[in-house]
Amino acid sequence: VHLAALIGLVEQNVVNRNVAKTVFEEIFLNDVDPERYVEEKGLKVVSDEGALRAAVEAVLELMVPMIMADLIDTGVATGDERYIYQKGFQMVLCAAAALVLGIGSARFAALAGQGLGANLREAEYEKLQSYSFANIDHFRVSSIVTRLTSDVTNIQNAVSTGMRPFGRSPVMLIF
């Protein structure tokens, strides 16, 4: 039963083959539920669609000035209205596609930041729970609350806002 569940996780791309080997060992040695084990250990495959979308968005945004230059050099110079409308329509399509990709990129960046924040908070709570009362007394309550909230929020926001430049910058350097 557990082996079938593990195969299902691999087929659904929830885990990759290397992780599946580790999970298989746990199934064999400790008879654990693979789905629960993958969830508890955070072994799910993470895809970075946000960076890819941001890169494609950057390409589309960079195409608009090139289309505009072509429109002016060819369409306006010759007075070809059909060509001007055609290039104008291409610019609108590029802008609309870049908008949709930008929204998708922002969504994935927000999800990545929120996921990281949740994992950091969980790790902090676990660490805090492992301290003895004597160790906890060395910290002020305000310091602990700041670490558990503000610091994690700052890291979370840095990841969320950093995903867009991470995907766009290489494209901008190339074009």
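Listed values, structure above:
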{"item": "Residue check for Leu111: under 28 Å from the mean Cα position of the chain (by Cα), modelled with pLDDT of 90 or more and open to solvent by 90 Å² or more (accessible area, probe 1.4 Å)", "result": "no"}
{"item": "Condition broken by Tyr85, with the remaining ones in (1) aromatic (Phe, Trp, Tyr); (2) touching a residue at least 60 places away in the same chain (Cβ under 8 Å); (3) open to solvent by 90 Å² or more (accessible area, probe 1.4 Å) satisfied", "result": "(2)"}
{"item": "Qualifying residue in region 57-74 (condition: without any contact (Cβ under 8 Å) to a residue 24 or more places away in the chain, touching a Lys or Arg at 6+ places or on another chain (Cβ under 8 Å) and open to solvent by 70 Å² or more (accessible area, probe 1.4 Å))", "result": "yes"}
{"item": "Test for Gln12: is it closer than 27 Å to Gln156 by Cβ and out of contact with any Pro (no Cβ under 7 Å at 6 or more places or on another chain)", "result": "no"}
{"item": "Complete set of residues in region 118-133 that are open to solvent by less than 60 Å² (accessible area, probe 1.4 Å) and not charged (D, E, K, R)", "result": "Ala118, Leu120, Ala123, Leu128, Ser132"}
{"item": "Per-region count, region 150-175, residues of a type in the set (Val, Ile, Thr) and within 12 Å of the chain's Cα centre (by Cα)", "result": "2"}
{"item": "Filter result for Asn154 (surrounded by 10 or more Cβ atoms within 10 Å (Cβ to Cβ) and modelled with pLDDT under 85)", "result": "no"}
{"item": "Some residue of region 136-144 being of a type in the set (S, T, N, Q), without any contact (Cβ under 8 Å) to a residue 24 or more places away in the chain, open to solvent by less than 60 Å² (accessible area, probe 1.4 Å) and closer than 30 Å to Lys41 by Cβ", "result": "yes"}
{"item": "Within region 1-39, considering residues that are surrounded by 12 or more Cβ atoms within 10 Å (Cβ to Cβ), of a type outside the set (A, V, I, L, M, F, W, C) and under 22 Å from the mean Cα position of the chain (by Cα), the one modelled with the highest pLDDT", "result": "Glu39"}
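The values are calculated or read from the model by the stated rules, or taken from the named source; none is laboratory data. Only a predicted model underlies this, so the values are computations on that prediction, with no experimental measurement involved. Don't worry about glycine lacking a Cβ; one is built from the backbone with ideal geometry, like all the others, and counts go over all protein chains shown. These area figures cover heavy atoms from the full protein model, side chains too; ligands, DNA and RNA do not enter into them. Shrake-Rupley method; radii C 1.70, N 1.55, O 1.52, S 1.80 Å.
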